[in-house]
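Let me begin by presenting the structure, written as structure tokens, before commenting on it.
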Amino acid sequence: MTKRSNGSLYVHTENKIGIIEFGHPASNSFPSTLLDRLEKAILQLSDDEATYVIILKSEGDRAFCAGASFDELMSITDLDEGKRFFSGFAKVINAMRLCKKPIIGRIQGKTVGGGVGLASACDYCLATESASIKLSELTIGIGPFVIEPAVSRKIGLSGFETLAWDASQWKTAYWAKEQGLYARVFSTIEELNKEVQLFAEKLASYNPQALQEMKKIAWKNTNHWENLLLERAAISGELVLSEFTKNALAKFKK
């Protein structure tokens, strides 16, 4: 695991498979600088003719993604800062939506909040039994507003509400599979890694033009997300300044 306070991001393409691997010492959470780098990496591989398919993964063998950086959330002091931070998640999800290449999510462990949004914005997810999910935003006085369109698109409004309202409750990887977030669940990370690679190789052997057309069809009727997700970011950016949220974040930090 990286020890860099701003996290790490590694991008490379081999045999038509692009790999994006992010990491952060706080359970692979996202400060704004790392979100910005992830957006750029997705757009870069989207336009790379040597890349046919993308694997999105995180470092280590524990948490896939803990969502937003608590340290950065606590440091937000005004509306512009708040909107700018949550816009980072909005821009990443929109980049994944517009990406010309299918994105495979490799989910090796627990994922929370924005991490669930990332998994939902992948075109196909494979996970381990440890990959439980939770939308904990209401517990700290905000809500999963930016990621809602991606989550609802993947598991339906009822699945989203089950997660969002019961914000302190973990749902198992098998629950996530039943809802459609994960395509397959494996007992070990070794099995997961093997199957992710095999599936990526299979997709990379297909007609790249067909893959791109498939991607367009799968994401039809989402063009309004460009503005919608930024509007949602403004809501979260305002709520994060509330006394409730400041107190809640302080308690979590302790």
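The values are calculated or read from the model by the stated rules, or taken from the named source; none is laboratory data. Predicted model, so just to flag it, every value in this text is computed and none were measured. Cβ atoms come from the backbone with ideal geometry, glycine included; neighbour counts cover every protein chain shown. Heads up: the accessible areas ignore ligands, DNA and RNA and are worked out on the full protein's heavy atoms, side chains in. Shrake-Rupley method; radii C 1.70, N 1.55, O 1.52, S 1.80 Å.
A few notes on this one:
- Filtering the range 152-168 to residues that are of a type outside the set (A, V, I, L, M), surrounded by 13 or more Cβ atoms within 10 Å (Cβ to Cβ) and either in contact with a strand residue (DSSP E or B) (Cβ under 6 Å, 6 or more places away or on another chain) or farther than 17 Å from Ala121 by Cβ (or both) leaves Glu161, Thr162, Asp166.
- Residues of the range 3-29 that are open to solvent by 20 Å² or more (accessible area, probe 1.4 Å), of a type in the set (Ser, Thr, Tyr) and under 17 Å from the mean Cα position of the chain (by Cα): Tyr10, Ser27.
- Here is the figure for the range 173-205: residues that are part of a loop (DSSP other than H, G, I, E, B) and surrounded by 17 or more Cβ atoms within 10 Å (Cβ to Cβ) total 2.
- Among residues of the range 115-139, those that are part of a helix (DSSP H, G or I) and open to solvent by 10 Å² or more (accessible area, probe 1.4 Å), counted: 3
- Some residue of the range 60-73 being of a type in the set (Phe, Trp, Tyr), in contact with a Pro (Cβ under 6 Å, 6 or more places away or on another chain), buried (at least 23 other Cβ atoms within 10 Å of the Cβ) and at negative phi: no
- Cβ pairs under 6 Å, 6+ apart, first in the range 227-248 and within 15 Å of Ala68 (Cα to Cα) and in a helix (DSSP H, G or I), second open to solvent by less than 40 Å² (accessible area, probe 1.4 Å) and of a type in the set (S, T, N, Q): Ala233/Ser87
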